[in-house]
């Protein structure tokens, strides 16, 4: 079973890494493909990047500098493990810096981070600073956007990772923007979506901040419990969430809570 996460826009390259983690960093699989995108992005001016990605002038200039500095040869100096570099709500829930070495090893085998630039990343893969959301309409040789660029490669990668399992399952904890990059027609595995709802007003709703954090919490729970079946996921109970059988379907697990813990 594999768990899919989205990346985060915010990055953290300042916080100290847990002892020994840097030495265990791994290389992303699709670096040559990422280099193709970087070569294209590096030709853009700050105003062009600002328009393409709807960024402020300051953020556009920052990312133009990142594209210029990016190297196909990642090192301890220019990168850090992906799960410890991303710094959004999802990664606050995952809190990879507090996982034990054995738990990070399990995460490396079962968590997959989707990425507009890298395609897919394992938690310990070397990540260099970048900004390139999967939904960016960056025209390229394969088509009009990054979905065309990645094609069926990500689905094939997931199937390869799951090849040894009798009943392969992908647990989707990613956003719609990112999961769209996985060609469902090409994917051989069963897909199970997890939905997190909070009580607001007079009904349960998906509240973006809480739902993003809950995706990271679910990934953390799966790592801590070495979750191997869909049924096992129903026991997820972090920060007050509980499985709602009545609201769920076999391939859509709904977790609800009435008050944030």
Exercise for the section: Answer with yes or no whether residue 92 is outside any loop (DSSP other than H, G, I, E, B) and over 25 Å from residue 191 (Cα atoms). Expected result: no
Problem - Criterion violated by residue 215 - all others in (1) more than 13 Å from the chain's Cα centre (by Cα); (2) crowded, with 16+ Cβ neighbours inside 10 Å satisfied - result: (1)
Practice task
Quick one: in the range 107-148, of everything that is free of Cβ contacts under 8 Å to residues at least 24 places away in the same chain and farther than 16 Å from residue 32 by Cα, which residue is surrounded by the most Cβ atoms within 10 Å (Cβ to Cβ)?
Solution key: 145
Problem - Counted residues, the range 154-180 - those being within 10 Å of residue 4 (Cβ to Cβ) and either part of a helix (DSSP H, G or I) or over 17 Å from the mean Cα position of the chain (by Cα) (or both) - result: 4
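Does residue 35 fit the bill of being surrounded by 12 or more Cβ atoms within 10 Å (Cβ to Cβ), touching a residue at least 60 places away in the same chain (Cβ under 8 Å) and under 22 Å from the mean Cα position of the chain (by Cα)?
Values: surrounded by 12 or more Cβ atoms within 10 Å (Cβ to Cβ): yes; touching a residue at least 60 places away in the same chain (Cβ under 8 Å): no; under 22 Å from the mean Cα position of the chain (by Cα): yes.
Considered against the rule, which asks whether it is surrounded by 12 or more Cβ atoms within 10 Å (Cβ to Cβ), touching a residue at least 60 places away in the same chain (Cβ under 8 Å) and under 22 Å from the mean Cα position of the chain (by Cα), residue 35 comes out as no.
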Fill in the blank from the handout: Taking the range 182-214 and keeping only residues that are out of contact with any strand residue (DSSP E or B) (no Cβ under 6 Å at 6 or more places or on another chain), touching a residue at least 40 places away in the same chain (Cβ under 8 Å) and under 22 Å from residue 159 (Cα atoms), one is left with 182
Handout entry: Residues (over 17 Å from residue 5 (Cβ atoms), in contact (Cβ under 8 Å) with a residue 60 or more places away in the chain and not in a strand (DSSP E or B)) located in the range 221-257
Key = 226, 228, 229, 230, 251
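Considering only the range 43-61, state which residues are surrounded by 14 or more Cβ atoms within 10 Å (Cβ to Cβ) and either outside any helix (DSSP H, G or I) or in contact (Cβ under 8 Å) with a residue 12 or more places away in the chain (or both).
Within the range 43-61, the subset surrounded by 14 or more Cβ atoms within 10 Å (Cβ to Cβ) is 44, 46, 49-50, 52-53, 55, 59-61.
44, 46, 49, 52, 53, 55, 59, 60, 61, listed by residue number.
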Exercise for the section: Please specify each residue of the range 188-208 satisfying the condition of being modelled with pLDDT of 95 or more and outside any strand (DSSP E or B). Expected result: 188, 189, 206, 207, 208
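The values are calculated or read from the model by the stated rules, or taken from the named source; none is laboratory data. Keep in mind it's a predicted model, so treat the numbers as computed, not measured. Note that each Cβ is placed from the backbone with ideal geometry, even for glycine, and that neighbours are counted across all protein chains shown.
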